[in-house]
Amino acid sequence: MLKNKSITEKKRNIEEAVDRRDSELRQLALNIHAHPELGYQEYKASNWLSTLLEKEGFAVKRGIAGLDTAFTATWAGKAGGPVIGLLAEYDALPGLGHACGHNLIGTSSVGAALALKDAFPELQATIQVIGTPAEEGLGGKVIMCEHGVFNHLDAAMMCHPKNKTMVIRGGLARVGATFKFYGKESHAASAPEKGVSALDALVGAYNAINSLRQFFSDDVRIHGVITHGGDAANIVPGYSEASFLIRCNTRKELEHVKEKVYTAVRQSAAAVGATSKIEEHLIYAERNTNKTLANLFKENLQLMGIEVSPPPLQGGIGSSDIGNVSQLVPTIHPYIKIGEATNHTHDFTNETKSEGGLKGMNQAAKALAMTAYDLCELPGALQGVKEEFANWQLENV
């Protein structure tokens, strides 16, 4: 899609608006980085982000969808334009802090929204920053989807830091589950015959799950950890517990795979005389990237001289609750390179407070704002995004 020359020229105003706020945005991102908060505990981060927007004239609602740290911050320009959601994440990882760069994600969305308001106060659009807590495994967006938080949007966008700049990348459907095993304690030396080992039930289930891997398709990923094995070596464990994640290309396939895994858990418990309980967590949907919208984002990156890499041909993808949003409205979840480290590592934690990380945040804010501007001003852009999504719905819903 060729860009209108006047629109391209006007985007310089957006770049300048982001740069004017660069120092303020950097400090915000570094503050969030220095105070990492786990999912649903992001009181500082959500307050810092929403308070800045409120100070700049956005109408803020906190505690939406029954989640204390979720919020919306809305600025309405001229009536009649699209409603564009800029999604903010800000939860950290246990033990690693901001090893997924959510301090940059939340701040870049805020920066994009402020730049649009600064550069084009009469923009025909409604810009809404949506604070989405607990992406790291607890599914804040899943709950927010169930409460209809995203239903009114014409498009939803966010940008994720990574070691490669990409605009299209898949996301696997995923479910987390806690497996609990109940046996009977006894003295492990003097009376083992009177006990039932919950740990043996768990280990049996772990091995049974491993034996299933050969019979699943290549997209399936199953990984877990033992979170409680017992209390002492001389006590037959009466209770044990494991945490697992199961991923597949689609939710439909996920249903098939998870039932095989759950059967392995139940039968392994029964084999040693123990009982089991399966606690299933929220399901993350597969990601439906709107390619028309992603291409607009790509063109804006290229306008800034940023090289865009193709997505991996196979593998190399995880899961995110942005997938659930993408089932409801046209959505993109592109990536911006900030360094060479891999997400969810200590090295990446360091990069998300580095000059590379802060520069990437600046670039992400500009590309988000410029793409939102395209939806408002570029002839046919919004229509093309909506048509692609409508066609996808006909095929998949």
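Relative to the compact globular guide of 2.2 N^0.38 Å, what is the alpha carbon radius of gyration of region 58-125, as a ratio?
For region 58-125, the normalised Cα radius of gyration comes out at 1.30.
Cross-link partners among lysines for K258, C-alpha distance below 19 Å, same-chain residues fewer than 8 apart left out?
In chain and number order, the partners are K180, K277.
Roll a 1.4 Å probe over the protein heavy atoms and report the accessible area of L378 in Å², nearest 10.
10 Å²
Please give, to one decimal in nm, the separation of the simple spin-label points placed at D347 and H152, each 7 Å out from Cα toward the Cβ.
4.5 nm
Amide H of A92: which non-local residues (sequence gap of 5 or more, or other chain) have their own amide H closer than 5 Å, using H built in the peptide plane?
It is E37, L38, G39, by chain and number.
Quick one: which residues, 5+ away or cross-chain, put their amide H under 5 Å from the amide H of S186? H built at 1.01 Å from N.
V236
Beta carbons within 10 angstrom, averaged per residue: use that to sort the peptides 248-259, 191-202, highest first.
Descending packing order for the listed peptides: 191-202, 248-259.
Give me the percent relative contact order of the chain, please, defined on Cα pairs under 8 angstrom at least 6 residues apart.
Worked out over the chain, it gives 22 percent.
Could you please state how large a percent of the accessible area of the chain is carbon and sulfur, counting protein chains only and using a 1.4 Å probe?
50 percent
Answer with one residue from S109, V385, I322: the one whose Cα lies farthest towards the positive end of the charge dipole of the chain, charges on Cβ with Lys, Arg +1 and Asp, Glu -1.
Value: V385.
Ignoring ligands, DNA and RNA, what accessible area per residue does region 173-284 give at 1.4 Å, in Å²?
Accessible surface, normalised per residue, equals 51 Å².
Sorted from largest down, what three extents in whole angstroms do the Cα atoms of region 173-284 have along their principal axes?
Computed over the Cα atoms, the extents are 50, 24, 18 Å.
Using helices alone, what [θ] at 222 nm do you get for the chain, with -39,500 (n - 2.57) per DSSP H run of 4 or more residues, divided over all residues and rounded to the nearest 500?
Using -39500 (n - 2.57) per qualifying helix, the result is -13500 deg cm²/dmol.
Starting from the coordinates of the alpha-carbon atoms of region 50-204, obtain the Kirkwood hydrodynamic radius over all distinct pairs and give the value in Å to one decimal.
Mean inverse Cα-Cα distance, inverted, gives 18.6 Å.
Would you work out the Kirkwood radius for the chain? I mean one over the mean of 1/r across all pairs of different Cα atoms, in Å.
With all distinct Cα pairs of the chain included, I get 22.3 Å.
Pairs K44/K366; K44/K162; K366/K386; K44/K337; K10/K366: which exceed 20 Å Cα-Cα?
Pairs exceeding the cut-off: K44/K366; K44/K162; K366/K386; K44/K337.
With the Cα gyration tensor of region 260-397 in hand, give its eigenvalues times 5 under a square root as the equivalent ellipsoid semi-axes, listed largest first in whole angstrom.
Calculated on Cα positions only, the semi-axes equal 37, 24, 11 Å.
So for I235, I338, what's the accessible-area order with a 1.4 Å probe, most first?
Of I235, I338, the descending order of accessible area is I235, I338.
In the full protein assembly as shown, how much of H152 is accessible to a 1.4 Å probe, in Å² to the nearest 10?
90 Å²
The values are calculated or read from the model by the stated rules, or taken from the named source; none is laboratory data. Note that this is a predicted model, so its numbers are computed, not measured. Positions of Cβ are backbone-derived with ideal geometry, glycine not excepted, and every protein chain shown enters the neighbour counts. Heads up: the accessible areas ignore ligands, DNA and RNA and are worked out on the full protein's heavy atoms, side chains in. Shrake-Rupley method; radii C 1.70, N 1.55, O 1.52, S 1.80 Å.
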